[in-house]
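Enquirer: Shown below is the structure under consideration.
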Amino acid sequence: MTNPPDTLLFVNAAEVATCTGPVRQTDSADPSAVHQCTAVAVRDGLVVGVGAQADVLARYPDAEQIDCAGGTLTPGLVDSHTHAVFGRFRTEEYALRCQGVPYMEIARRGGGINASVRDLRARNEDELVEMALPRLAEMLALGTTTAEVKSGYGLDTESELKTLRAIRRLMEMQPIDLVPTFLGAHEFPPEHRASAEDRARYVDLLVGEMIPAVAASGLARFCDVFMEPGVFDGPQTERILRAGLDHGLRPKLHADELEGSGAAELAVALGAASADHLGAVSEAGIAALASSSTVATLLPATLFFLGRPRWAPGRALIDAGATVALATDFNPGSSPTPNLAFVMTAACSRMGFSPAEALRAATAGGAAALELADGRGTLRPGAPADLVLWRTASAAEIPYRLAAPICAGVWKAGVHVSPGVAPRR
Ligand SMILES: [Zn+2]
């Protein structure tokens with residue numbers, strides 16, 4: 001990375017989407033807050049001006065200019081739910097899935113999340129870092145400048161801490177800002193799965209040893225639980241998240257992904273930052289989210305990849321008044337994509353989002369789900385100068401172009417970081 005010049009002006013964009021509008025699109029309200037004939041001024045890593053291009057040019061006559069050449073300028077994307085640190089991809093399972101082999105049968109043959117747990121436990125921290133770097137580079141090249149990353153393939157104290165240490169090192173090695181989440185309650189580990197007593201002992205371990213150790217390490221901001229019938233039940237989830245809160249870890253929840261189990265309501269009751277997935281959220285869950293500040297985070301790439309017939313009720317959540325975010329769920333089992341623009345397409349085509357609502361959900365919505373209150377996910381004075389230039393004539397064209405390579409350039413804190421900039425090692 002080079003040193004940033006004093007002031008940078010982004011000029012000649014067909015559209016600038018500041019993403020400062022409300023969640024829901026109406027005749028008078030645009031969630032993406034699109035402006036024409038508008039320039040953006042950047043200085044010392046922050047946005048310092050957004051306004052009519054002639055005015056901005058007059059205010060900064062000596063600034064270096066970036067010619068957007070009729071493209072679209074947006075905030076950097078905020079991917080608020082990923083599992084980007086893992087061992088190897090599980091490509092062989094995909095071929096089986098495509099032949100119709102059920103997940104339980106794949107798991108019985110040694111695949112599924114168990115395979116990722118065995119794999120991660122056998123690797124050292126350096127390997128995890130080296131394997132994650134190219135994935136983060138892919139995310140950056142697709143416009144993501146802030147991403148949450150969860151642990152959760154270790155499922156014992158040392159393997160979870162190893163994962164969180166790898167995430168901490170990755171923060172210093174590449175441009176994406178990473179927000180770390182402890183997901184020791186991703187699944188019951190093989191050694192704690194045989195009986196109800198075994199499972200109870202794992203919850204004891206999470207509460208009595210793992211959460212205190214993670215909190216003492218300072219390596220995680222959030223504590224997350226996979227609450228779903230057959231995985232962690234309501235009382236276990238509440239106990240784990242309350243233990244996290246007692247240790248200063250803010251709650252998040254994998255909620256109502258495949259079956260409704262009251263997880264969205266529990267997330268709201270605990271004041272969670274977000275309830276994620278929501279493929280089977282109930283009417284009561286939608287109402288609870290709508291009346292709270294807990295963000296409803298939707299992960300449609302997962303439902304697409306798993307071939308699920310039912311999509312999360314995105315339209316109903318927005319219409320009810322919930323704050324929504326879109327994220328990739330990037331992981332080796334159910335969503336091996338780093339492409340948040342594709343997720344926006346899925347939200348529009350299958351969940352009733354407008355393109356403007358989808359762009360806001362992938363920027364300002366993601367920042368809300370991560371409780372980042374520094375203006376991230378928007379282009380407004382004082383916000384971090386995280387910008388993406390898209391090779392499109394409008395913001396609405398970003399989801400329309402369905403996974404096309406339309407990301408022309410990415411700037412992080414005012415510094416050009418993609419394409420063509422190698423990560424530091
Ligand atoms: Zn997840």
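Enquirer: Return only the number of the condition from (1) in contact (Cβ under 8 Å) with a residue 60 or more places away in the chain; (2) over 22 Å from residue 45 (Cβ atoms) that residue 80 does not satisfy.
Expert: (2)
Enquirer: Also, I was wondering about something else. Give the residues of the range 63-106 that are of a type in the set (D, E, K, R), closer than 27 Å to residue 362 by Cα and touching a strand residue (DSSP E or B) at 6+ places or on another chain (Cβ under 7 Å), sorted by residue number.
Expert: Within the range 63-106, 67, 79 qualify.
Enquirer: If you don't mind, there's one more thing I want to ask. Residues to consider are 263, 273; find the one that is within 15 Å of the ligand (Cβ to nearest atom), more than 30 Å from residue 385 (Cβ to Cβ) and under 20 Å from the mean Cα position of the chain (by Cα).
Expert: None of the other options fit; the residue is 263.
Enquirer: With respect to the numbered conditions (1) farther than 16 Å from residue 149 by Cβ; (2) within 16 Å of the ligand (Cβ to nearest atom); (3) at pLDDT 95 or above, which one is the sole condition not fulfilled by residue 331?
Expert: That leaves (1) as the condition not met.
Enquirer: When you look at residue 21, is it in contact with an Asp or Glu (Cβ under 6 Å, 6 or more places away or on another chain) and surrounded by 15 or more Cβ atoms within 10 Å (Cβ to Cβ), yes or no?
Expert: Judged against the criteria, residue 21 is a match.
Enquirer: Being hydrophobic (A, V, I, L, M, F, W, C), surrounded by 15 or more Cβ atoms within 10 Å (Cβ to Cβ) and either out of contact with any Ser or Thr (no Cβ under 7 Å at 6 or more places or on another chain) or on the phi > 0 side of the Ramachandran plot (or both) is the filter here, so list the residues in the range 108-132 that pass it.
Expert: 113, 115, 117, 129, 131, 132
Enquirer: Identify, by number, the condition in (1) within 16 Å of the ligand (Cβ to nearest atom); (2) in contact with a Cys (Cβ under 7 Å, 6 or more places away or on another chain) that residue 370 doesn't meet.
Expert: Failing condition for residue 370: (2).
Enquirer: Which condition from (1) in contact with an Asp or Glu (Cβ under 7 Å, 6 or more places away or on another chain); (2) over 18 Å from residue 346 (Cβ atoms); (3) in contact (Cβ under 8 Å) with a residue 24 or more places away in the chain is the one that residue 279 breaks?
Expert: (2)
Enquirer: Just give me the residues in the range 283-297 being away from the ligand (no atom under 16 Å from the Cβ) and of a type in the set (A, V, I, L, M, F, W, C), in sequence order.
Expert: Of everything in the range 283-297, those that are away from the ligand (no atom under 16 Å from the Cβ) and of a type in the set (A, V, I, L, M, F, W, C) turn out to be 284, 286, 287, 288, 289, 290.
Enquirer: Out of the residues in the range 298-321 that are among the small types (Gly, Ala, Ser) and crowded, with 23+ Cβ neighbours inside 10 Å, state the one that is nearest to the ligand (Cβ to nearest atom).
Expert: Applying the first criterion (among the small types (Gly, Ala, Ser)) to the range 298-321 yields 301, 307, 312, 314, 316, 320-321.
Then keep just the ones that are crowded, with 23+ Cβ neighbours inside 10 Å; that gives 301, 312, 314.
Numbers: 301: 11, 312: 13, 314: 17 Å.
Here the residue is 301.
Enquirer: For the range 238-264, what are the residues that are charged (D, E, K, R) and surrounded by fewer than 24 Cβ atoms within 10 Å (Cβ to Cβ)?
Expert: 238, 239, 242, 246, 250, 259 - these are the residues of the range 238-264 that are charged (D, E, K, R) and surrounded by fewer than 24 Cβ atoms within 10 Å (Cβ to Cβ).
The values are calculated or read from the model by the stated rules, or taken from the named source; none is laboratory data. A quick note: this is a predicted structure, and the numbers were derived from the prediction, not measured. Here Cβ is always computed from backbone atoms with ideal geometry, including for glycine, and neighbour counts include all displayed protein chains.
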